[in-house]
Amino acid sequence: MAAKLARNSYLTQNIGDFPSEITVGGRRYVKATDLRYGTNPHQPAAFYAPADAHGAIMDMKTLKSGKNGLSQTNLEDISGALNIVKYFCGTPACAVMKHVNPSGAAVARPGETLRQVYIKARDCDARAAFGSVIAFNVTVDEETAVEIMSTFCECVVAPGYTPEALAVFNDQERFKLNKQIRILQCGDIARLPRYVGDDPEGNANTLKVLCDGSLVIAAPLLTNVRSVEDLPPASGENRNCGPRTSTVEPTKEQLDDLLAAWYINISVRSNGVVIVKNGQTLAVGTGEQDRVGAVEQAIEKFSQKYTGDATLEGAVMSSDGFFPFYDAVETAAKAGIRAIVAPSGSLKDADVVKRANELGVALRHAPERVFSHH
């Protein structure tokens, strides 16, 4: 108890130390609110918004507030989850975010309800989804709200909610597990930049503060991939193999899944791979220092943590960086993965293409690398 009181005293003592305004890169930011804490409870934090901009998070409204408000991690998870579902505007999508990584994501396939989409996203890793942030790109209905309230989660963020869904979220007697759930209505997701060349909402350059307080300012991570047409058959050439081109054709469904896997991978910490089938992530491999290790991790996570009824046979996989060797393709193919998208750039691209052809794996090349180093 003493430790708890000391921690709370520390937060109370320091919470007001953040200025009301700051200027970064010549732009003025206004403090919107103090936060519950930063990344950890002993780190005070505050949320700032550009004084001259609006945005999906800046314009967010709290429809149901938890006991202690939002933390920095909550906001980072909200941002990461919205950064996934923004790519599927026009089609219902859901991202379940935990510690700035998606534990699962899903996009609707014909005939699926929003509840089914949420279950697909959650069941990629239902264990990790405990205490997560859940984002949607469409209005949440009653059926989906009931399913959300059946397990513990921190926050739900969406463009809107039906009155029946809000009644479910506020029913503390029926859903005692989620008394402190935070229900948030985001601003316009469609205004978020997606593709290279889009005007970033609020000039959303990324800022990285280094250990001595110095800053790295970078352009936001966007993609050149606007459709499956931007994922051509992989090709490469070297002295060992000569010119090689992928000869295995993915199905239309696999192409759709490759596109979804690529968009989801943008918000995965590198080295990252995403395995998708029928619009559902079956596993997310993240944070590994070697490429084949990320593939092995994802396959192992599927065997240990996936709780749906799908198999890896016929699934697709995205990789946020190129394959330096063909071992990652061999590992994926052995597990049943039949189509892969990755950027080019390896000295052994031709060797990788050659091996993928031998294994019957369709290999597509993306036009860029999408490492995400949070």
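Every condition in (1) in a loop (DSSP other than H, G, I, E, B); (2) crowded, with 19+ Cβ neighbours inside 10 Å; (3) out of contact with any helix residue (DSSP H, G or I) (no Cβ under 8 Å at 6 or more places or on another chain) is met by Val353 except one, and the failing one is (1). The residue list Leu177, Leu258, Leu192 contains one member that is closer than 23 Å to Ile78 by Cα and surrounded by 15 or more Cβ atoms within 10 Å (Cβ to Cβ), which is Leu192. For the range 107-130, does any single residue satisfy the condition of being modelled with pLDDT of 95 or more, open to solvent by less than 20 Å² (accessible area, probe 1.4 Å) and in a strand (DSSP E or B)? Yes, some residue in the range 107-130 is modelled with pLDDT of 95 or more, open to solvent by less than 20 Å² (accessible area, probe 1.4 Å) and in a strand (DSSP E or B). Whenever a residue of the range 356-369 is at positive phi, its partners that are hydrophobic (A, V, I, L, M, F, W, C), lying with C-beta atoms within less than 6 angstrom and at least six residues away or across chains, give the pairs Gly360/Val248. For the range 195-220, a residue qualifies if it is open to solvent by less than 60 Å² (accessible area, probe 1.4 Å) and touching a Ser or Thr at 6+ places or on another chain (Cβ under 9 Å), and the qualifying residues are Tyr195, Ala218, Pro220. Scanning the range 131-141 for residues that are aliphatic (A, V, I, L, M) and assigned to a loop (DSSP other than H, G, I, E, B) gives a single hit, Val138.
Could you identify the single residue in Phe169, Phe136, Phe152 that is touching a helix residue (DSSP H, G or I) at 6+ places or on another chain (Cβ under 7 Å), touching a residue at least 24 places away in the same chain (Cβ under 8 Å), among the aromatic types (Phe, Trp, Tyr) and open to solvent by 30 Å² or more (accessible area, probe 1.4 Å)?
Working: Phe169 fails: open to solvent by 30 Å² or more (accessible area, probe 1.4 Å); Phe136 fails: open to solvent by 30 Å² or more (accessible area, probe 1.4 Å).
Answer to the selection: Phe152.
With respect to Leu347, determine if the residue is of a type in the set (A, V, I, L, M) and surrounded by fewer than 19 Cβ atoms within 10 Å (Cβ to Cβ). When the stated conditions are applied, Leu347 passes them.
The set of residues in the range 325-343 that are open to solvent by less than 60 Å² (accessible area, probe 1.4 Å), of a type outside the set (A, V, I, L, M) and out of contact with any helix residue (DSSP H, G or I) (no Cβ under 7 Å at 6 or more places or on another chain) comprises Gly336, Pro343. Pairing residues of the range 267-288 that are open to solvent by 10 Å² or more (accessible area, probe 1.4 Å) and in a strand (DSSP E or B) with residues that are among the charged types (D, E, K, R) and at pLDDT 95 or above, at Cβ distances under 6 Å and at least 6 apart in sequence or on separate chains, gives Gln280/Lys120.
Show me the strands (runs of 3 or more DSSP E) entirely contained within the range 163-220 in which 2 or more residues are modelled with pLDDT of 95 or more.
On the way: elements: 182-185, 206-209, 215-218.
Counting at least 2 such residues, we get 182-185.
Condition check for Gly66 on (1) crowded, with 24+ Cβ neighbours inside 10 Å; (2) within 22 Å of His42 (Cα to Cα); (3) not charged (D, E, K, R): one failure, at (1). Looking only at the range 69-96, which residues are in contact (Cβ under 8 Å) with a residue 60 or more places away in the chain, under 9 Å from the mean Cα position of the chain (by Cα) and not in a helix (DSSP H, G or I)? Scanning the range 69-96 gives a single hit, Ala95.
The values are calculated or read from the model by the stated rules, or taken from the named source; none is laboratory data. Only a predicted model underlies this, so the values are computations on that prediction, with no experimental measurement involved. When we count neighbours, we look across all protein chains shown, and the Cβ atoms used for this are built from the backbone with ideal geometry, even at glycine. Quick note on the areas: whole protein, heavy atoms, side chains included, nothing else; ligands and nucleic acids left out. Shrake-Rupley method; radii C 1.70, N 1.55, O 1.52, S 1.80 Å.
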